Amino acid sequence: MSWRQCVEEDPEQRDLELSQGCQYYNRHVPLVLQCGPTCGIALLTSLILKRSHTKDVASTAKNLLQGAISLGLSKSGEIMCPQYMSQLCDLAGIQHQITRVSRDSDDDIISMLRDSDLMIIYDKDKNNEPSTEYGGERAHWLLITGFCYKTPAKTPIISKKPGSLERPQNGVMNGACHGSAGIPLLTDNSFTRASARLSPDSELHVFVQHGKSRLRQLWRWRDILDSNESVRQPKPGDWVVPDNFHSQVAGTVVRVPVMTDSDTDR
């Protein structure tokens, strides 16, 4: 097997095609392409690369694969539920927690994404986008690194010249998007006040990445959640699948806190 990290241009200078007048917040996490049915291992490798000084993608992923097999969590690299991913995080020394998510309030997801990356299983269509048509036969791990939603009309912004982009600190981008010609950014304090709660007419989108694409994408959170809840049974195969597969997967994320300054010094 050969895992690869995508070679990227300056990640903070990405061209984001977003709707006018939206609030967003996103962290950069390295993109690692999966090899075989190792979508979960590829995402955890990305998070390890982000949180440590290692740049050895292949060795990191291989160690995770061997660990998963030795623990009886996998046969071919598949990680079939959040509980198995949790055990693999423990093996890798990655702080995390398994968290239930609710359909009642998008504010909970925003609150988690302020200080954590989220891993969730969904069912993908042929374009790798969320689907509810397969019942789990195309189950796939997804990493969520940020959020975006329509801002209230009175949201304060700091004007920037067209084409300019204020460089974020610690890989964090936050601001009010006005298309790719220029992305005005808010100060941290203004951003916190402006995005404390969703506006009534907003629709939450999240920044995502996964092991089958070189691109980061922006998807509706409700589409991901619908897809996640539709995952009932994986396609037949030589997998390690828990008996209560659906109940373990539906409405469940693995929450991985972002690294702190002290983490980067280790």
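Taking segment 33-76 as the range and being at pLDDT below 95, part of a loop (DSSP other than H, G, I, E, B) and in contact with a Lys or Arg (Cβ under 9 Å, 6 or more places away or on another chain) as the test, the residues that pass are CYS35, SER52, HIS53.
Yes or no, residue by residue, for (1) free of Cβ contacts under 8 Å to residues at least 40 places away in the same chain; (2) more than 24 Å from ARG214 (Cα to Cα):
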| position | (1), (2) |
| --- | --- |
| CYS39 | no, no |
| LEU43 | no, no |
| THR54 | yes, no |
| GLY72 | no, yes |
| TYR84 | no, yes |
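Scanning segment 1-32 for residues that are open to solvent by 20 Å² or more (accessible area, probe 1.4 Å), at pLDDT 80 or above and not hydroxyl-bearing (Ser, Thr, Tyr) yields one hit, HIS28.
Can you find a residue in segment 47-63 that is farther than 15 Å from VAL258 by Cα, over 17 Å from the mean Cα position of the chain (by Cα) and open to solvent by less than 10 Å² (accessible area, probe 1.4 Å)? Yes, some residue in segment 47-63 is farther than 15 Å from VAL258 by Cα, over 17 Å from the mean Cα position of the chain (by Cα) and open to solvent by less than 10 Å² (accessible area, probe 1.4 Å). Kindly indicate which of ILE94, ILE110 is under 23 Å from GLY146 (Cα atoms), touching a residue at least 24 places away in the same chain (Cβ under 8 Å), among the hydrophobic types (A, V, I, L, M, F, W, C) and assigned to a loop (DSSP other than H, G, I, E, B). Among ILE94, ILE110, only ILE94 is under 23 Å from GLY146 (Cα atoms), touching a residue at least 24 places away in the same chain (Cβ under 8 Å), among the hydrophobic types (A, V, I, L, M, F, W, C) and assigned to a loop (DSSP other than H, G, I, E, B).
Quick check on my filter: what residues within segment 108-142 are more than 21 Å from GLN233 (Cα to Cα) and either out of contact with any helix residue (DSSP H, G or I) (no Cβ under 8 Å at 6 or more places or on another chain) or buried (at least 24 other Cβ atoms within 10 Å of the Cβ) (or both)? Working first, answer last.
Filtering segment 108-142 down to residues more than 21 Å from GLN233 (Cα to Cα) leaves 108-118.
Those that are more than 21 Å from GLN233 (Cα to Cα) and either out of contact with any helix residue (DSSP H, G or I) (no Cβ under 8 Å at 6 or more places or on another chain) or buried (at least 24 other Cβ atoms within 10 Å of the Cβ) (or both): ASP108, ILE110, SER111, MET112, LEU113, ARG114, ASP115, SER116, ASP117.
The values are calculated or read from the model by the stated rules, or taken from the named source; none is laboratory data. Being a predicted model, the structure only gives us computed values, none of them experimental. Please note: Cβ atoms are built from the backbone with ideal geometry, for glycine as well, and neighbour counts cover all protein chains shown. These area figures cover heavy atoms from the full protein model, side chains too; ligands, DNA and RNA do not enter into them. Shrake-Rupley method; radii C 1.70, N 1.55, O 1.52, S 1.80 Å.
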